[in-house]
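Visitor: Here it is, the structure in full.
Derivation of every value follows stated rules applied to the coordinates shown; laboratory data play no part. Since the structure is predicted, the reported quantities are computational estimates derived from the model, not experimental observations. Ideal geometry is used to build each Cβ from the backbone, glycine not excepted, and the neighbour counts take in all protein chains shown.
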Amino acid sequence: MNALILSAVWGIILMFCSILVKNKKAIGYIAAFGLLTILIGNIAETYGTQITHYNIYPMLLLDRFGLFFNTIAILSVFIFVLLSLIEIRKTGKYEPEFYTLIFFVICGITILTSYQNLLMLFLGIEILSIPLYILTGSDKKNLKSNEASLKYFLMGAFSTGIMLLGIALIYGGTGTFNLQPGTHSVVGTYHGISFLEITGLIILMCAMAFKASVAPFHFWAPDVYDGAPTPVTSFMATIVKVTAFLAFFKLCEVRVTDTLTAVNWKMIFAVMIVATLFIGNITAIFQQSVKRMLAYSSIAQAGFMMYAIFSLNDVAKEGLLYYAMAYSLATIGLFATMSKIKDYSFEGYNGLAKKQPTLAATNAIFLLSLSGIPLTAGFFAKYYMLASVIKTGSYTWLVIVGVCFATISIYYYFRLIQAMYFKTGNPDTIDHEITPFFKNMLIVVAVFIVLLGAFPQLLLNWFYF
Amino acid sequence: MPILQLLSDIPVTGSTTDYAPIALQLFFAIGFIATMLIASGLIGPKRKTADKLENFASGIPSHGDARQPIAIKYFLVAILFVLFDVEVIFFYPYAVNFKGLGWTGFVEVILFTSFFIIGFIYIIKRGALNWEE
């Protein structure tokens, strides 16, 4: 509850900052301070200190898993804000409102990590997505941003409608909105499960797959990620996507296990995983723009996160937390660097190592982490995902497919490293924006990724204590 | 009344047959509309005039193109009106359950209203309703 209340209050405070605070530079720091208080509030709640003891049980349940994920998500937002202070100031005219919307997204995140009721799932998804529709269009004078915003809004509104239909059908099948299914009716069923519940679950999962950009519902992602202003893309492709996966995982953990007698979910998820990995990786190879390549790479990474939803065991749970951290940090760092470079194509990165050695070195670490090279966080993230499938004891071929696609992904990640280190050129960087603070932040993130890769238990031990 | 008899005879079992009345209604709705449209086309008198082909615009002859840009101010005022109008609807269920919800409900409604007023202050201060600018 702490994070939920604090993020809503900070959202309102930032809203009024647009009227009350005259010093434009202060706003970013106010937002960063707000995030810090939310982070502290959430950690305090993990250890039992709450602002209010309001009874929210049948709707929300704050368990260790959700609270720990909140910490990861808020920490990622904090790093994201510190890295993109200048970009956010430049995007559009309304900087305080930009932060307001980010705080409201955090509200949605805290609901999604603790929902116990399908109505709360719907509410959380809406609070998460509606600010994003606006953020995508926040660069008001840019036609591409406008197009992306409209596209995202129309597609998102449709998927919301589909999601509601699914929830309604599940209600018809089980007679309850609770995440934990009630008693099953005995007539009109298939293997003991009401056919309405099965249909509803499939439809609801389509909508969740849309939010997490899992194939075959990924079509919006590249266009929207490409058109949106770079800081927004960074935010959407990392924190929001990972949260959508967590909500998906929470849903499947209960409902899929409950309906296994009637539906072969493993097969459905296996097909989705292979399709997502295939489309994400193969299309990313052909991209000329780094931003678009990262958009497809985020689809490919979504394929890896689907492994957690496939196996639904304890390893998958730990792995999802770990993956969230590893993937978010690396991608946020890459996008932050990209916004300092004027030309987003691979040629634009040529010779970056000569001109900005710090940026190139940290970016190389981020890319190594995304491709899953040992000693970086990305390796253990992928390891946990694949290990969870092994632990289920079936579908071993899925692991082989995953490893193959991870190998393919090395091609396009290393292409960027090659451009930075082994090609000559004069990249068009915005030098006055590359402050020592920015460089130091990038180094901190890179060190954090290496530390996580060397000692994966650092993060997960904390989850248990 | 055989049809009504049929509908009332189906016992509520929680199974698919419960949805038979809905299917029946759908069937009737489509059938009725189709029959009416076809029948009026076949039986009705056919007098074709130029006036009948005009778009119906409340009786006034239509003029100009509908696709012209309109000042954003109109949309802003309209959407804010809809927003605040819809929020007022939340007071109706509260009024109905006023006694049952007691002081807890009162505090919750005060909280809701204060958020509501904060939003209102924000749009006023931000100049969203400033028509002259």
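Visitor: For labels at B:Leu24 and A:Leu164 in the simple 7 Å Cα→Cβ model, what's the distance in nm?
Guide: 2.9
Visitor: How long are the semi-axes of the equivalent ellipsoid of chain B, defined as square roots of 5 times the Cα gyration tensor eigenvalues? Whole Å, largest first.
Guide: 45, 38, 11
Visitor: For B:Phe84 and A:Phe286, what is the calculated FRET efficiency with R₀ set at 60 Å and r taken between the beta-carbons, to the nearest 0.05?
Guide: 0.75
Visitor: Fully extended, how many nm does the chain gain between A:Val444 and A:Thr257 (0.36 nm per residue separation, minus their Cα-Cα distance)?
Guide: 63.3 nm
Visitor: Starting from the Cα of A:Lys391, step 7 Å along the direction of its Cβ; do the same at B:Phe75; then give the gap between the two resulting points in nm.
Guide: 5.0
Visitor: Show that you can apply the helix-only estimate: for chain A, add -39,500 (n - 2.57) for every DSSP H stretch of four or more residues, divide by all residues, and state [θ] at 222 nm to the nearest 500.
Guide: Working: 20 runs with 341 residues, N = 465.
The helix-only estimate for chain A comes to -24500 deg cm²/dmol at 222 nm.
Visitor: Show me, for the range A:62-69, the HN-Hα J-couplings you get by feeding each phi into the Karplus relation (A = 6.51, B = -1.76, C = 1.60, θ = phi - 60°), rounded to Hz, glycine and proline as x.
Guide: My calculation for the range A:62-69 gives 8, 9, 4, 4, x, 5, 5, 5 Hz in order.
Visitor: Given 5 Å bins starting at zero, what is the percent of C-alpha pairs of the range B:72-126 in each, up to the one with the largest pair distance?
Guide: Binned Cα distances yield the sequence 4, 17, 22, 22, 14, 10, 7, 3, 1.
Visitor: Here's something else I'd like to know. Only helices at least 18 Å long along their own axis, judged from Cα atoms, and with Kyte-Doolittle mean hydropathy of 1.6 or greater: name those in chain B from DSSP H.
Guide: B:20-43, B:72-89
Visitor: Now a separate question. Counting other Cβ atoms within 10 Å, keep those with at most 15, restrict to DSSP loop, and tell me which chymotrypsin sites (Phe, Trp or Tyr not before Pro) in the range B:48-82 are left.
Guide: B:Phe56
Visitor: Return the loop-located chymotrypsin sites (Phe, Trp or Tyr not before Pro) in the range A:226-319 (DSSP other than H, G, I, E, B) with at most 12 other Cβ atoms within 10 Å of their own Cβ; answer none if there are none.
Guide: A:Phe286
Visitor: Please give the helix A:290-311 orientation as an angle from the longest Cα principal axis of chain A, in degrees from 0 to 90, rounded to the nearest 10.
Guide: With both axes taken from Cα atoms, the answer is about 30 degrees.
Visitor: Please compute the net charge surrounding A:Gly156, taking Lys and Arg as +1 and Asp and Glu as -1 over other residues with Cβ under 14 Å from its Cβ. Please report the intermediate quantities before stating the final value.
Guide: Details: positive: A:Lys151, A:Lys211, A:Lys241; negative: A:Glu126, A:Asp223.
Taking every Cβ under 14 Å from that of A:Gly156, the sum is +1.
Visitor: Output needed for the protein assembly as shown: three equivalent-ellipsoid semi-axes, defined as square roots of 5 times the C-alpha gyration tensor eigenvalues, in descending order, whole Å. Could you put the intermediate results ahead of the total?
Guide: On the way: eigenvalues 362, 213, 155 Å².
Values for the protein assembly as shown, descending: 43, 33, 28 Å.
Visitor: Taking each residue in B:118-126, count the Cβ atoms of any other chain within 10 Å of its Cβ, then average. What number comes out? Could you put the intermediate results ahead of the total?
Guide: Details: counts 3, 2, 0, 3, 7, 0, 1, 5, 6.
For this peptide, the per-residue mean of nearby foreign Cβ atoms is 3.
Visitor: Of A:His432, A:His218, how do they rank once you tally other Cβ atoms within 10 Å and put the fewest first?
Guide: Fewest to most other Cβ atoms nearby, the residues stand as A:His432, A:His218.
Visitor: Which of the peptides A:152-159, A:319-326 is most tightly packed, and how do the rest follow, going by the mean number of other Cβ atoms within 10 Å of each residue?
Guide: Answer by packing, highest mean first, reads A:319-326, A:152-159.
Visitor: Another question, if that's okay. Along the Cα-to-Cβ line of A:Leu36, 7 Å from the Cα, sits a label point; which residues in the range A:80-106 have backbone N less than 13 Å from it?
Guide: Zone members listed by number: A:82.
Visitor: Rounding to the nearest 20 debye, state how big the charge dipole of the range A:4-126 is about its Cα centre with +1 on each Lys and Arg Cβ and -1 on each Asp and Glu Cβ. Write out the running numbers ahead of the final one.
Guide: On the way: 7 positive and 6 negative charges, 100 e Å.
Its charge dipole is roughly 480 debye.
Visitor: To the nearest 10 degrees, how steeply does helix A:436-454 sit against the main Cα axis of chain A, on a 0 to 90 scale?
Guide: 40
Visitor: Once Lys and Arg get +1 and Asp and Glu get -1 on their Cβ, which of A:Gln116, A:Ala44, B:Tyr74 lies farthest toward the positive end of the dipole of the protein assembly as shown?
Guide: Farthest along the dipole direction, towards plus: B:Tyr74.
Visitor: While we're on this one: Can you give the charge dipole size of the protein assembly as shown about its Cα centre, rounded to the nearest 20 debye, using +1 on the beta carbon of Lys and Arg and -1 on the beta carbon of Asp and Glu?
Guide: I would put it at about 1220 debye.
Visitor: Scan chain A and hand back the longest stretch that contains none of the trypsin sites (Lys or Arg not before Pro) lying in DSSP loops with at most 11 other Cβ atoms within 10 Å.
Guide: A:142-341
Visitor: What does the average come to when, for each residue of peptide A:11-21, you count the partner chain Cβ atoms lying within 10 Å of its Cβ? Please list the in-between numbers first.
Guide: Numbers: counts 0, 4, 0, 0, 6, 5, 0, 3, 6, 1, 0.
The shielding value for this peptide is 2.
Visitor: Now a separate question. Could you give the dipole magnitude of the range A:254-377 about its Cα centre, charging the beta-carbon of Lys and Arg +1 and that of Asp and Glu -1, in debye to the nearest 20? Before the final figure, lay out each step's value.
Guide: Working: 9 positive and 5 negative charges, 77 e Å.
Charge dipole, the range A:254-377, about its Cα centre: 360 debye, nearest 20.
Visitor: Quote the FRET efficiency, to the nearest 0.05, computed for A:Asn264 versus A:Lys90 with a Förster distance R0 of 41 Å and r equal to the Cβ-Cβ distance.
Guide: 0.25
Visitor: Can you check what the net charge comes to around A:Asp428, using other residues whose Cβ is under 12 Å from the Cβ of A:Asp428 (Lys, Arg +1; Asp, Glu -1)? Each step should come with its number before you reach the end.
Guide: Values: positive: A:Lys340, A:Lys342, A:Lys355; negative: A:Asp343, A:Glu347, A:Asp431.
Value of the local net charge: 0.
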